[in-house]
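Below is one structure; the comments refer to it alone.
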Amino acid sequence: MSARGGRIVEAVAVATLAGALGLLTGWVLDSIFDTSFIAYVAAAIALVNGAISGWRGIYAWRAPQGYVGFALDSTWSLVMTTAGVFANVWGIAEKDSDYLPNLSERKNVHVYRRGLMPRSGFAITLGNVIGGADDVERESRQLLIEEHEVVHVWQARWLGPIFPILYGSWSLFGALYGVVMWAARHREQQFGKVVETYSYYCNPVEWWAYSRAGKWRPSKMEDGCGWRKSMVRPHAQVAQRSRATE
C-alpha cells in the first residue's frame, strides 16, 4: 500500500472509531441533561478530529500515550477538542500557517509555525493543536513547544471541561487579586507586571507547565510575587532519573 493509501485508511479508521466514541459520550450527556442533540454534535466533532488526526498520523499507536490521547480527545476532553478542531480548520484555511509534521507526527499533537495565534510571537495551545510555534529551528523554541506547550495539550486532555473553567476563572480573579496586591504591597513595582504575575504566571496550569519545562521562575515575573518553588520536577530531571533506573 502506498503512503497516501495508508493515510487514507488511518484517517477513515480513526474518524470512524472517534465518531463512535463521541456518539456514546453524547448519549450519556443527553441522558444527564435530558436533551437530544448533544450526541450528534459530539460525534461530529470527534469524527472531524479523528479524520484530520488520522490523515496526519499524529497518534503514537506504538505507545500507550497514543491510545490514551485518542480516547480522551474523543470523549472526556471533547470541549477542548472542539477548540482544537477550530484551530485546525483555521490552520488549514490559512495558506501561510505552515503545519510542522516533524513536531506532530506520532507526537499526539498538531503543531503550526503560525496557524491560529492571537498574540504575535506567543505560542498558543487549544486542545491538541499548538499554534505560533514560530522559529522552531532554534533549540530554545523547540523545547518551548515540546516541554511547555505539549504539557498544555495533556492538561486539556486530563482536565477536559474543567480546563477552560480553571484557566479562565483564575485569569480573571488572579488579575483582580494582582490589582489588590499592587495597591497593598507592591506600589513601587510595575502595575502591569504585578497583575500579569498573579493572573498568568501563578495560574496553576501555567505554573505546572513552566515547572515541567524547568523554567520556574520565569524572568518576566515580578520579584516578590507569586509561587517561589516549582510545582513539579522538570522534564529533564524526570527523564534523567528514569534512565538511571533502567
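Considered as a group, the residues in segment 24-43 that are small (Gly, Ala, Ser) and within 18 Å of Thr82 (Cα to Cα) include one that is surrounded by the fewest Cβ atoms within 10 Å (Cβ to Cβ), and that residue is Ala39.
Kindly establish whether Gly26 is in a helix (DSSP H, G or I) and more than 27 Å from Leu100 (Cβ to Cβ). For Gly26, the condition - in a helix (DSSP H, G or I) and more than 27 Å from Leu100 (Cβ to Cβ) - is met. Being more than 18 Å from Ile130 (Cα to Cα), β-branched (Val, Ile, Thr) and touching an Asp or Glu at 6+ places or on another chain (Cβ under 7 Å): is that true of Ile38 here? Spelling it out, Ile38 is indeed more than 18 Å from Ile130 (Cα to Cα), β-branched (Val, Ile, Thr) and touching an Asp or Glu at 6+ places or on another chain (Cβ under 7 Å). When Leu21 is tested against the conditions (1) more than 16 Å from the chain's Cα centre (by Cα); (2) surrounded by fewer than 19 Cβ atoms within 10 Å (Cβ to Cβ), the lone failure is (2). Between Trp76, Trp55, the distinction of being closer than 17 Å to Leu159 by Cα and modelled with pLDDT of 95 or more belongs to Trp76 only. Screening the candidates Leu172, Leu144 for the property of being in a helix (DSSP H, G or I), touching a residue at least 12 places away in the same chain (Cβ under 8 Å), over 18 Å from Lys107 (Cα atoms) and not polar (S, T, N, Q) yields one hit, Leu172.
Return yes when Arg187 is farther than 30 Å from Ala71 by Cβ, open to solvent by 50 Å² or more (accessible area, probe 1.4 Å) and free of Cβ contacts under 8 Å to residues at least 12 places away in the same chain and no when it is not. So Arg187 passes the test. Annotation for segment 59-70: no member residue is farther than 15 Å from Gly127 by Cβ, out of contact with any Lys or Arg (no Cβ under 6 Å at 6 or more places or on another chain) and modelled with pLDDT under 95. Which ones in segment 124-141 are part of a loop (DSSP other than H, G, I, E, B) and under 13 Å from the mean Cα position of the chain (by Cα)? Listed by number, the residues that qualify are Gly127, Asn128, Gly132, Ala133. Taken over segment 97-140, the residue count meeting the criterion of being at negative phi and open to solvent by 30 Å² or more (accessible area, probe 1.4 Å) is 19.
Close Cβ contacts (under 9 Å, 6 or more residues apart or on different chains) running from residues in segment 213-229 that are under 13 Å from Ser199 (Cα atoms) to residues that are basic (Lys, Arg) and open to solvent by 100 Å² or more (accessible area, probe 1.4 Å) comprise Cys225/Arg185. Checking each residue in segment 147-161 for being surrounded by 15 or more Cβ atoms within 10 Å (Cβ to Cβ) and part of a helix (DSSP H, G or I) picks out Glu147, His148, Glu149, Val150, Val151, His152, Val153, Trp154, Gln155, Ala156, Arg157, Leu159. Selection of segment 68-96 for residues being of a type in the set (Val, Ile, Thr) and open to solvent by 50 Å² or more (accessible area, probe 1.4 Å) yields Val68, Val79, Thr82, Val89, Ile92.
Remark: pairs (first residue in segment 191-208, in a helix (DSSP H, G or I); second residue open to solvent by 50 Å² or more (accessible area, probe 1.4 Å) and among the β-branched types (Val, Ile, Thr); Cβ separation under 7 Å; 6+ apart in sequence or on different chains) = Val195/Val179.
So which pairs qualify, if the first residue must be in segment 59-83 and in contact (Cβ under 8 Å) with a residue 24 or more places away in the chain, the second must be assigned to a helix (DSSP H, G or I) and of a type in the set (Lys, Arg), the Cβ gap must be under 6 Å, and the two must be at least 6 apart or on different chains? Hits for this filter: Leu72/Arg157; Ser77/Arg157.
Residues of segment 55-67 being part of a helix (DSSP H, G or I) and open to solvent by less than 50 Å² (accessible area, probe 1.4 Å), which ones? Write out each step before concluding.
Looking only at segment 55-67, we keep the residues that are part of a helix (DSSP H, G or I), and these are 55-56, 64-67.
Of everything in segment 55-67, those that are part of a helix (DSSP H, G or I) and open to solvent by less than 50 Å² (accessible area, probe 1.4 Å) turn out to be Arg56, Gly66.
Taken over segment 55-99, the criterion of being over 17 Å from the mean Cα position of the chain (by Cα), under 14 Å from Val129 (Cα atoms) and of a type outside the set (Asp, Glu) is satisfied by Arg56, Gly57, Ile92, Ser97.
The values are calculated or read from the model by the stated rules, or taken from the named source; none is laboratory data. Every value quoted in this text rests on a predicted model; they were computed, and no experiment measured them. Cβ sites come from the backbone with ideal geometry, for glycine too, and all protein chains shown count toward neighbours. These accessible areas exclude ligands, DNA and RNA; they are computed on the full protein's heavy atoms, side chains included. Shrake-Rupley method; radii C 1.70, N 1.55, O 1.52, S 1.80 Å.
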